[in-house]
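These notes are about the structure you will find just below.
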Amino acid sequence: MSSSPSSTSSVPLNTGVQMPVLGLGTYKLRGPEDVHRAVDAALAAGYRAFDSAAVYKNEADLGRALRELLPKYGLTRQDVFITSKLGPKDQGDKAMEGALHSLSQLDMDYIDLYLIHWPGTQGQLVTDTCNPGNRAQSWAALEELHDKGQLKAIGVSNYTPAHMSELMQTCRIPPAVLQVEFHPRLCQTELRSVCDKYAVCFQAYSSLGKGELVTEPSVTEVAKNCARTPAQVLLRWAVQQHVPVLPKSSNPDRITENAELFDFTLSDADMDRLSALDCGHKYCWDPSEVA
Ligand code: NAP
């Protein structure tokens, strides 16, 4: 990356809006006090994006924390970018209801980005042939809410190249974002080219390997050599490839640490050393068998 953007730097989406490069992941962040503390630390550190989901059961706590805290930082709803996701239990004919429930839980007039969380349907086998029809029905509901301005951008998560190709052939509105697991042990080369081809923003989740990658020897050595922490190195490895990240922490010090990514550069040799860890390893769920 030639420039050193601040933590509020953003990437353009194919809708014309900008999405911040850095967002706070909120999986397992739950309960009014814990969410309030994390959002407070994040806003202070410069985060302007927050990644929630119906299945995280924290949409209401996130909405409340933002209403309470935005004035403290001289910010308004328009200054933050909120992502949430349709739960796999609502895939198909319950998608409209599920998305409206997210809006009501957040208590917001609109959501900046709403994703289909998973290509499958809860309660159905991953190989069930109902899945393509359910995905199409969910997408049509998201398109309708996008038309009404209630979902400013719509996208998908955990889609494989085959799911992306299916969606591109059937959609009226193309997805703005694909959010998938991405870190040095899972470089997602094929999905990244699919996103380039369709002008879809590729966004990383679990950049720290759910915390496990911070002790990986190559990561700790690169961190020591550039006087940064392993978490900062893992996040910088992604943003230096123009990939937006969503590190999760409930710890205010780590939330601040994870935002300090924009005042250093990894050398080409360090970037290559980290990318050489690629072995297709997934710390999260694997969508590759979903029909
Ligand atoms: P992650 O961000 O890779 O790692 C989070 C873990 O790392 C937590 O245990 C955290 O512990 C620890 N941690 C955070 N900062 C650290 C630091 N500086 N040093 C050492 N340890 C640190 O994992 P993730 O939560 O799986 O992914 C991030 C976000 O992506 C999620 O929260 C969610 O918003 C999104 N996501 C989406 C999907 C999807 O299917 N779309 C799947 C997974 C994740 P503490 O909290 O104790 O600091």
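How large is the Kirkwood hydrodynamic radius of segment 152-251, in angstrom, based on all distinct alpha carbon pairs?
Here the Kirkwood hydrodynamic radius works out to 14.5 Å.
Take the Cα of LYS57, step 7 Å along the line toward its Cβ, and report every residue of segment 93-109 whose backbone nitrogen sits under 17 Å from that point.
Backbone N within reach: 102, 105-106.
When a footprinting reagent is the concern and you count Cβ atoms within 10 Å, what order do ASP128, ASP286 take, fewest first?
Least to most surrounded, the residues fall as ASP286, ASP128.
Which one of LEU43, LEU234, LEU75 has the biggest mean-square fluctuation once the chain is modelled by GNM with Cα springs under 10 Å?
LEU75
Among CYS201, CYS171, which comes first, then next, by fewest other beta-carbon atoms within 10 Å?
CYS171, CYS201
Taking H as built 1.01 Å from N, whose amide H comes closer than 5 Å to the amide H of LYS248, not counting residues under 5 places away?
Under 5 Å from the amide H of LYS248: GLY25.
How do HIS281, HIS36 rank when sorted from fewest to most other Cβ atoms within 10 Å of their own Cβ?
HIS281, HIS36
Restrict the search to segment 72-141; then list the trypsin sites (Lys or Arg not before Pro) that DSSP places in a loop and that have at most 15 other Cβ atoms within 10 Å of their Cβ.
none
Which entries of LYS28/LYS282; LYS28/LYS148; LYS89/LYS248; LYS197/LYS224 show an alpha-carbon separation above 28 angstrom in the structure shown?
LYS28/LYS148; LYS197/LYS224
Amide H to amide H, which residues 5 or more places from ALA49 or on other chains are under 5 Å from it, using H placed in the peptide plane?
For ALA49, whose amide H was placed from the backbone, the distant partners under 5 Å are LEU24, PHE81.
Please report the relative contact order for segment 138-250, taking Cα pairs under 8 Å with a sequence separation of at least 6, and give it as a percent rounded to a whole number.
21
Helix-derived [θ] at 222 nm for the chain: sum -39500 (n - 2.57) over DSSP H runs of at least 4, divide by residue count, nearest 500? Please report the intermediate quantities before stating the final value.
Working: 10 runs with 110 residues, N = 291.
Helix-only estimate at 222 nm: -11500 deg cm²/dmol.
Give me the number: length gained by fully extending ASP278 to SER250, i.e. 0.36 nm times residue separation minus the C-alpha to C-alpha distance, one decimal in nm.
Length gained, ASP278 through SER250: 7.3 nm.
Kindly provide the Kirkwood hydrodynamic radius of the chain in Å, to one decimal, from all pairs of distinct alpha carbon atoms.
Radius from the Kirkwood sum: 19.2 Å.
For ALA153, enumerate residues with amide H under 5 Å from its amide H, sequence gap 5+ or separate chain, H modeled in the peptide plane.
Residues meeting the amide H criterion: LEU113, TYR114.
Along the charge dipole of the chain, which of SER267, VAL21, GLY46 sits closest to the positive end, that is, farthest toward it, with unit charges on the beta carbon of Lys, Arg, Asp and Glu (+1, +1, -1, -1)?
About the Cα centre, the residue reaching furthest to the positive side is GLY46.
Taking Cα centroids, how far is segment 232-291 from segment 145-220 in Å?
Centre-to-centre distance over Cα atoms comes out at 13 Å.
Within segment 221-290, list the chymotrypsin sites (Phe, Trp or Tyr not before Pro) lying in a DSSP loop whose Cβ has at most 16 other Cβ atoms in a 10 Å radius.
PHE264, TYR283, TRP285
Since every read-out is calculated from the coordinates, none of them should be taken as a lab result. Since the structure is predicted, the reported quantities are computational estimates derived from the model, not experimental observations. All Cβ positions, glycine included, derive from the backbone under ideal geometry; neighbour counts span all protein chains shown.
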